[in-house]
Amino acid sequence: MSAFETIIYEKDGGGVARLTLNRPDKLNALNLTMRDELWSAFEAFRDDPDARVLILRGEGRAFCSGADISEFGTAPSYVEARRARHERDLWDLLLHLPKPVIAALHGYALGAGLEMALLCDLRVASDDALLGLPEVGIGYIPSAGGTQTLPRMIAPGVALEMILTADPIDALGAYRIRLVHLIAPRDQLDAVAGGWARVLAEGDARALSYAKEAIVRGLELSLRDGLALEARLAGEVREGRPA
Ligand code: COA
């Protein structure tokens, strides 16, 4: 169970772990404490053989309204902030979790909130969801991976439009550009994400892990190197290397 201040991490008995962003009075804005707690929870999920699928969701009326803007400019220095990010790359940890991760989005999914979801494998949105990267509009650029993940996920021209205009899109718009895989009525979002998670939790964990690794790591490679990676991982699956 959870001993965190800004998140809730819990597991059911069937291999599904749920991580809930839990600062509802601040629309689950991502602050430094939440970053630290996410790090611990992602590690706990990664290392727990009984946790086979993770659902990332938000408490209250939003999934996550982005980085906590009240903390902007509070890092001791730019160099310090960069060193901290390098030593504890939360987004790299999330992207490379060796098990499926599902984001369940409702209300606002903005800035780092949307970027976090882009580092998950599957995205379900409720029909009231509003997704966007508002950073450029307030003098920043997306910095939780969004400038790299979004154009790899949807058409690069559409990613440019979303980032440069900073205009949010609704759930249907997000579905049309394949930014989310499914839309559910608000009151059924958890059930839909949970149903998907259960199917995956009952799947072949090793095969899922290898397939995810092949895709996530392969996206960073040329086709030739990606095919070599696939051949190597396929061999390891056959030979039974532990996942
Ligand atoms: N950082 C810090 N606090 C935030 C926040 C954020 N990103 N997003 C919302 N909050 C806080 C608000 O300050 C408010 O706190 P308060 O009740 O103590 O004043 C509370 O969450 C509720 O937000 P509020 O603005 O009253 O809700 P709303 O429904 O009127 O508007 C948003 C919702 C998301 C449109 C608006 O909060 C907003 O624009 N937030 C900033 C989004 C953003 O720029 N994110 C990216 C940062 S790079």
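The values are calculated or read from the model by the stated rules, or taken from the named source; none is laboratory data. All of these numbers come straight from a predicted model, not from anything done at the bench. In this analysis, Cβ positions are derived from the backbone assuming ideal geometry, glycine residues included, and neighbour counts consider all displayed protein chains. Ligands, DNA and RNA are excluded from the accessible area calculation, which covers all protein heavy atoms including side chains. Shrake-Rupley method; radii C 1.70, N 1.55, O 1.52, S 1.80 Å.
Got at least one residue in region 110-121 being surrounded by fewer than 22 Cβ atoms within 10 Å (Cβ to Cβ) and either more than 9 Å from the ligand (Cβ to nearest atom) or aliphatic (A, V, I, L, M) (or both)? Yes; the residues of region 110-121 include at least one that is surrounded by fewer than 22 Cβ atoms within 10 Å (Cβ to Cβ) and either more than 9 Å from the ligand (Cβ to nearest atom) or aliphatic (A, V, I, L, M) (or both). Only strands (runs of 3 or more DSSP E) whose full extent lies in region 113-212 are considered here, and the ones with at least 2 residues that are in contact with a helix residue (DSSP H, G or I) (Cβ under 6 Å, 6 or more places away or on another chain) are 122-126, 182-184.
This table checks each residue for (1) out of contact with any strand residue (DSSP E or B) (no Cβ under 6 Å at 6 or more places or on another chain); (2) under 25 Å from residue 93 (Cβ atoms); (3) modelled with pLDDT under 95; (4) of a type outside the set (Ser, Thr, Tyr).
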| position | (1), (2), (3), (4) |
| --- | --- |
| 121 | no, yes, no, yes |
| 124 | no, yes, no, yes |
| 128 | yes, no, no, yes |
| 131 | no, yes, no, yes |
| 145 | yes, yes, no, yes |
| 149 | yes, yes, no, no |
| 158 | yes, no, no, yes |
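Could you please find all residues in region 88-106 being within 20 Å of residue 192 (Cα to Cα) and open to solvent by less than 10 Å² (accessible area, probe 1.4 Å)? Across region 88-106, the qualifying residues are 101, 102, 103, 104, 105, 106. Among the residues making up region 144-163, a single one is surrounded by fewer than 20 Cβ atoms within 10 Å (Cβ to Cβ) and touching a residue at least 60 places away in the same chain (Cβ under 8 Å): 152.
Checking each residue in region 30-62 for being part of a loop (DSSP other than H, G, I, E, B), under 26 Å from residue 187 (Cα atoms) and open to solvent by 10 Å² or more (accessible area, probe 1.4 Å) picks out 52, 59, 60, 61. Cβ separations smaller than 9 Å between residues 6+ apart or across chains give no pair from region 91-103 residues that are on the phi > 0 side of the Ramachandran plot to residues that are assigned to a strand (DSSP E or B).
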